[in-house]
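All remarks here apply to the structure that follows.
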Amino acid sequence: MEKKERAPVYYSDYLQLDKILTAQQPESAKEGIKANDEMLFIIIHQAYELWFKQILHELDIVRAIFRQPNIHNNTPDIYNSVHRLKRIGSILEVAVMQMGILETMTPLDFLDFRDLLRPASGFQSIQFKMIEAALGLRYDQRYGKAYYLSQLTQADVASVKQAEHEQSLLVLINEWLERMPYVKDEGYWKDNSYSSFWSKYKEAYAESLSEGEHQNLAIFDSIFINDTNYPEGRSFSADASRNALFIMLYRDHPLLQLPYELLNTLLEIDELLSMWRHRHIHMVQRTIGKRVGTGGSSGAEYLRGAAESHYIFKELAELTSFLLPRHLLPVLPEKLVNDLSYR
């Protein structure tokens, strides 16, 4: 079959620059007010929304991978997931640094056009709300729930609710961790029972605690020992938490290196989101002080409450409380060590 000749692609047509470069319509210009920094304000926020779109694109790909009933060790799926999650981290680093460009706008520069924006607000960014939902932030965990959807159109409310209805990455990671075979497979533990492993681990962990840390034992029992599928108030199941801790402890074994990178990258994303929120808080405080946001929120006070509440993978971060140094770790059965190694 003869190959069909494609029409040449022109740079500005491919990027649709006629749409992008004419999408900045300052409100101050419409009112005949001189406000030179409104152009910067618009472009910064448009750039954020483009990056948010890319983050959602990456999250869709990663979630599609983890929706599979099984992810075999010999496929590139885990590597691909880690790669894309690290890309999200790189985008968030840019988002944090981009705040510095916005901070070149002084408070007086912002006041030149601020009142013309009402009631528009960054709080109305549905893509950012969808990113939080896709990662795993549930509605009941949100700070200021009464205000959360109040400033959106009905169409945007429907989009956000649809995002919250879908399986989040946190839920999918929990299911993936639960399926990890190594720590419950009887073929590995018949001579060194799985329950015995956790008993030995708890004993070594207890001996490692300082006098002021002994309250950690009760938390250790509630997460790893007690026969409860979902410990009260937790998003990760007991099996998922045990397997995540196992990955962290024995990450040096070849087949656990990528799973560890995956968990660590999720924590990096949480950290970068926190850095972005806190940078936003300081910028708002410096720019508008104690004034309310253009959308009617309490401004910096609201941002501070959200920053303190919206840690998505905090349960994975808390597992570091229960780590032991390598020389105190229980020795794994030989068959398990072999299966965690390259063949």
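Since every read-out is calculated from the coordinates, none of them should be taken as a lab result. Nothing here was measured: the structure is a model prediction, and the numbers come from that model. Please note: Cβ atoms are built from the backbone with ideal geometry, for glycine as well, and neighbour counts cover all protein chains shown.
Cα gyration tensor of segment 1-77, axes a ≥ b ≥ c as square roots of the eigenvalues: rounded (a/c below 1.5), prolate (a/b > b/c) or oblate? Oblate is the answer for segment 1-77, as a/c is 1.5 or above yet b/c matches or exceeds a/b.
A simple charge model with +1 on the Cβ of Lys and Arg, -1 on the Cβ of Asp and Glu and nothing else charged puts the dipole of segment 35-339 at about 520 debye relative to its Cα centre. Each part gets one Cα centre, and for segment 117-162 versus segment 193-245 those centres are 36 Å apart. The smallest convex shape that holds all Cα atoms of segment 35-339, its convex hull, gives 150 Å³ per residue. Of F110, A206, A307, whose Cα points farthest to the positive end of the dipole of the chain (charges on the beta-carbon: +1 Lys, Arg; -1 Asp, Glu; origin at the Cα centre)? Positive-end residue among those listed: F110. Taking R251, R326, R67 as the candidate residues, the one with maximal mean-square fluctuation in a Gaussian network model of the chain, Cα springs under 10 Å, is R326.
Work out which helices of the chain, taken as complete DSSP H runs, extend at least 24 Å along their axis over the Cα atoms and score a mean Kyte-Doolittle of -0.5 or more, then list them. Walk me through the intermediate numbers first.
Numbers: long enough: 38-66 (42 Å, 0.77); 77-102 (38 Å, 0.53); 254-288 (51 Å, 0.01).
Once both thresholds are applied, what remains is 38-66, 77-102, 254-288.
The distance between label points at K161 and L209 comes to 4.5 nm (points 7 Å beyond Cα on the Cα→Cβ vector).
Using only the Cα atoms of segment 1-155, build the gyration tensor, take square roots of its eigenvalues as a ≥ b ≥ c, and label the shape rounded, prolate or oblate: rounded if a/c is under 1.5, else prolate if a/b is larger than b/c, else oblate.
The shape class here is oblate.
Bridgeable lysines around K19 (alpha carbons under 26 Å apart, same-chain partners fewer than 8 residues away excluded): K30, K34, K53, K129. Within the chain, the longest run free of exposed loop sites, counting chymotrypsin sites (Phe, Trp or Tyr not before Pro) that sit outside DSSP helix and strand states (H, G, I, E, B) and have at most 13 other Cβ atoms within 10 Å, spans 11-341. Multiplying the residue separation of L111 and R234 by 0.36 nm and removing their Cα-Cα distance gives an extension gain of 39.9 nm.
Let's test the formula: R0 of 35 Å, r as the Cβ-Cβ distance of I101 and D18. What FRET efficiency results, to the nearest 0.05?
E between I101 and D18, to the nearest 0.05, is 0.90.
Would you work out which of I65, S341, I42 lies farthest towards the positive end of the dipole of the chain? Charges go on Cβ: Lys and Arg +1, Asp and Glu -1. Positive-end residue among those listed: I42.
Only lysine pairs 8 or more places apart or on separate chains count here, and in segment 144-273 those with Cα atoms under 18 Å apart total 4. Residue farthest toward the positive end of the dipole of the chain, with Cβ of Lys/Arg at +1 and Asp/Glu at -1: which of F123, A29, L177? So the residue furthest toward the plus end is A29. Once C-alpha pairs closer than 8 Å and six or more residues apart are averaged by separation and normalised to the residue number of the chain, the relative contact order reads 23 percent.
Each stretch of four or more DSSP H residues adds -39500 (n - 2.57); spread over every residue of the chain, this sum gives -18000 deg cm²/dmol at 222 nm. Site pair R286 and D252 shows an inter-label distance of 4.4 nm when each label is modelled 7 Å from Cα along Cα→Cβ.
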